[in-house]
Amino acid sequence: MRAGAGRRRDPMRAVQLRSRFLLCVWLLCGAGLLGRAVELQLLQGGEWRAEAERQHRTTGEIPAARGAILDRTGVSLAVSHEVFRVSVAPHEVRDTAATVGHLASALGITEAEARRAFQGSRRWVPLPGRFPPSAREALGRVRGVYVERDLRRVNPHESLLRGVLGAVIDDAGTGGVEQEYDELLRGTPGMEVLARDSEGRPIPGESWMVQPPRSGGQVVLTIDADLQEIAREALREAMDSTGARGGDLIVTDPRTGEVLAMVSVVNGEEGGLSALNAPYEPGSTLKPFTIANLMATGKATLADSVDTGPGHWTFAGRTIRDVHSPGHVDLRHALRVSSNVAIAKLAQRLTPAEQYEGLRDFGFGVPTGIALPGEVGGLLRRPERWQAMSPASLAIGYEISVTPLQMALAYGALANGGTLMEPRIIREIRDPAGRTLESFEPRAVRRVVAPEVAEELTDALVEAVQDGTGTRARLATFSVAGKSGTSRAYAAGGGYEPGGYYSSFVGFFPAEAPQLVVFVKLDRPQGQYFGGATAAPVTRATMEAILAAHAPPLDREALAVIARSYAATRVQVRPEGPFVPTGTGIVGAPAQSSQGGASPAARSLPEGGLLLPDLRGMAPRQAIRRLHVLGLAALWEAPEVVERTTPAPGSVVFPGDTIRLLGPPGRGGPAPARGVDD
């Protein structure tokens, strides 16, 4: 019995043993888990939290607003506008119809366009286009709609300064000022933290700014937007009238080297900088520098004479020809009629070193150093690389290539008394708040010729415009000094292109105290191709338009004094027609009235007086040009069309008087004067 009872108790004992064993196992596992938890939470907690943050958070850059580029008067030429991208997460939207209505009204799109975002099974739908800041205000609290900030570079004047400004591609400046000052303009990006889902994608709307972005600085140019528009319009009109495929037009201030306007058109397209990177053989526009070199070295004076013979001269196997045979002429007359033979012969008095150094001193053969990328220095070979005919070729503008900017600056040196100025296209650097950080002052490169040489040569260039090859550039109100040029164009495969020419003219005015240099070059004009016939009229049109501009960078008081003096001592010839002379000065009226009919009958007028033409019905700018031609100043108070003037048409006025251009009476008084000549 006892033995049987013992055997019956054995299973119970086994169960107890197993229970105790399992309890021990669970206790050990629990202790292990507790220990691991302590290790993870207390000892390694910081590391694992950081890893979790790393997996579910990421940092991103907040782009900075790019700094503005301004013209000399503060007009915005390139700015960064804040725009917004709008995206929809359809699965988060509770009321689709209401959300579609919000999108349509806030973004200015149709409801059908907004409804497309909810078609299909996509969980994230970006809407096409960029939207103004009002979109953020209207949609910022709409569930399932996300508005993200973006920045867009905008040129308010479109292509007006495309080549000078450059472009922004992938947030980097490319070409022009955008490239040259990219580091300053782009600013400092900010920093944000973005939440990510389990697949590593950013979660819309889950972001926190850590560091705000800092906008870029501002760049103020020497360019005047009004003058740039005038230059572009003048060049485009010249291309249309001559059939030229392109060209360059530059306006500079010879006193400071400031570039006030610079337009380049290549094969009909704007956006390049051929004024800096497309050198050409200048032809006759280089002749004044050959003469300046002769005068500066004491090898010749303007009174020295030379026999041009039958109008052609063979030198070192090459025949140099004149369009007309001037015969026996002095150097002044040779420049006026642009005699190749006379100037090439007299240039033989220079040694190769003198000829080379004289041209190099005027800035040819080296980059000007303007603050724009891509400039080239042209070609001026050293004397040891010359051929036998090179001295004669160089004297008349061949075997040398120059850029339009180099030529404008070289004429600026003649205009300002013999000093070559460094070109300036940047006027100021400012911080994002508009405070000036750095101003760029005029800088002289070197004195090239003595003031008396520059003055004598300027007088000769005035004669070249008055009755030489540049007569189509003259103004009736001011004396203009300048020179035309015509040179062969190179073909793409080498050698000169048959029938291809560059026509150019460079002039500065007023010659007595120059304020502007205007350079014009036309690329392969059709038909008439001489620079005096094609490029010189563009110079005149540009000068007249600048005088008629709202507020050009000119010293108007000095111009008024010069205009009075010029009108009192010379009988002018208007481009539009002759004057009726009375007495000893300009004292008549145009032979044709402003309306195209016959002029009033000549009558006895005070000495120096003239009859005010009828300007009614003209656009204000057209009327101002007519007044400038007569030597008169203007107050522009007509909004769109001149309907009356003070004094009235037909009144006796004198050069230098100010004429008020008025709109219709009874409209609350005249508008504020937008341009003043005095």
So Ala303 clears everything in (1) modelled with pLDDT of 90 or more; (2) of a type outside the set (Asp, Glu); (3) buried (at least 19 other Cβ atoms within 10 Å of the Cβ) except one condition, right? Which one?
(3)
Looking only at segment 543-566, decide whether some residue is modelled with pLDDT of 85 or more, closer than 23 Å to Thr469 by Cα and not hydrophobic (A, V, I, L, M, F, W, C).
yes
Of the residues in segment 59-95 that are assigned to a loop (DSSP other than H, G, I, E, B) and within 22 Å of Ala135 (Cβ to Cβ), the one that is modelled with the highest pLDDT is Arg66
Return a yes/no flag: does segment 51-58 have any residue that is at pLDDT below 80, within 24 Å of Thr188 (Cα to Cα) and either of a type outside the set (D, E, K, R) or loosely packed, with under 11 Cβ neighbours inside 10 Å (or both).
yes
Got at least one residue in segment 266-273 being assigned to a loop (DSSP other than H, G, I, E, B), over 16 Å from the mean Cα position of the chain (by Cα) and either modelled with pLDDT of 95 or more or buried (at least 24 other Cβ atoms within 10 Å of the Cβ) (or both)?
no
If you check Leu286, Leu260, which single one turns out to be in contact (Cβ under 8 Å) with a residue 24 or more places away in the chain, buried (at least 24 other Cβ atoms within 10 Å of the Cβ), assigned to a helix (DSSP H, G or I) and in contact with a helix residue (DSSP H, G or I) (Cβ under 9 Å, 6 or more places away or on another chain)?
Leu286
Just checking, how many residues over segment 494-510 are over 15 Å from Met543 (Cβ atoms) and either of a type in the set (Ser, Thr, Tyr) or assigned to a loop (DSSP other than H, G, I, E, B) (or both)?
7
What's the number of the only condition in (1) buried (at least 22 other Cβ atoms within 10 Å of the Cβ); (2) farther than 19 Å from Gly485 by Cα; (3) among the hydrophobic types (A, V, I, L, M, F, W, C) that Leu350 fails to meet?
(1)
Scan segment 360-390 for residues that are part of a helix (DSSP H, G or I) and out of contact with any helix residue (DSSP H, G or I) (no Cβ under 6 Å at 6 or more places or on another chain) and report the count.
5
Of the residues in segment 239-256 that are buried (at least 22 other Cβ atoms within 10 Å of the Cβ) and among the hydrophobic types (A, V, I, L, M, F, W, C), the one that is nearest to Leu405 (Cα to Cα) is Ile250
With respect to Ala112, is the statement that it is in contact with a helix residue (DSSP H, G or I) (Cβ under 6 Å, 6 or more places away or on another chain) and either farther than 20 Å from Gly374 by Cα or buried (at least 20 other Cβ atoms within 10 Å of the Cβ) (or both) true?
no
Quick check on segment 294-324: of everything there that is among the charged types (D, E, K, R) and outside any strand (DSSP E or B), which residue is nearest to Tyr356 (Cα to Cα)?
Lys299
Scan segment 354-382 and report the pairs whose first residue is over 26 Å from Gly176 (Cβ atoms) and touching a residue at least 40 places away in the same chain (Cβ under 8 Å) and whose second residue is assigned to a loop (DSSP other than H, G, I, E, B) and polar (S, T, N, Q), with Cβ atoms within less than 9 Å and a gap of 6+ or a chain change.
Glu354/Thr297; Gly358/Thr297
Give the residue, chosen from Leu405, Leu409, that is in the same structural domain as Lys345 (by TED's automatic domain parsing), in a helix (DSSP H, G or I), in contact with a Leu (Cβ under 6 Å, 6 or more places away or on another chain) and at negative phi.
Leu405
Only one of these is among the hydrophobic types (A, V, I, L, M, F, W, C), surrounded by fewer than 19 Cβ atoms within 10 Å (Cβ to Cβ) and assigned to a helix (DSSP H, G or I): Ala563, Ala558, Ala513. Name it.
Ala558
Identify, by number, the condition in (1) among the small types (Gly, Ala, Ser); (2) at pLDDT 95 or above; (3) in contact with a Leu (Cβ under 9 Å, 6 or more places away or on another chain) that Gly374 doesn't meet.
(2)
Selection within segment 306-321 - in contact (Cβ under 8 Å) with a residue 12 or more places away in the chain, under 15 Å from Ser393 (Cβ atoms) and either of a type in the set (Val, Ile, Thr) or crowded, with 16+ Cβ neighbours inside 10 Å (or both)
Trp313, Phe315, Ile320
Filter result (surrounded by fewer than 17 Cβ atoms within 10 Å (Cβ to Cβ), small (Gly, Ala, Ser) and in a helix (DSSP H, G or I)) within segment 115-138
Ser134
Does segment 429-449 hold any residues that are touching a residue at least 60 places away in the same chain (Cβ under 8 Å) and either more than 26 Å from Pro367 (Cβ to Cβ) or touching an Asp or Glu at 6+ places or on another chain (Cβ under 7 Å) (or both), and which are they?
Ile429, Arg430, Asp431, Pro432, Gly434, Leu437, Arg443, Val445, Arg446, Val448
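The values are calculated or read from the model by the stated rules, or taken from the named source; none is laboratory data. Predicted, not measured: the structure shown is a model, and the values here were computed from it. Neighbour counts are summed over all protein chains in view; Cβ atoms, including those assigned to glycine, are modelled from backbone coordinates with ideal geometry.
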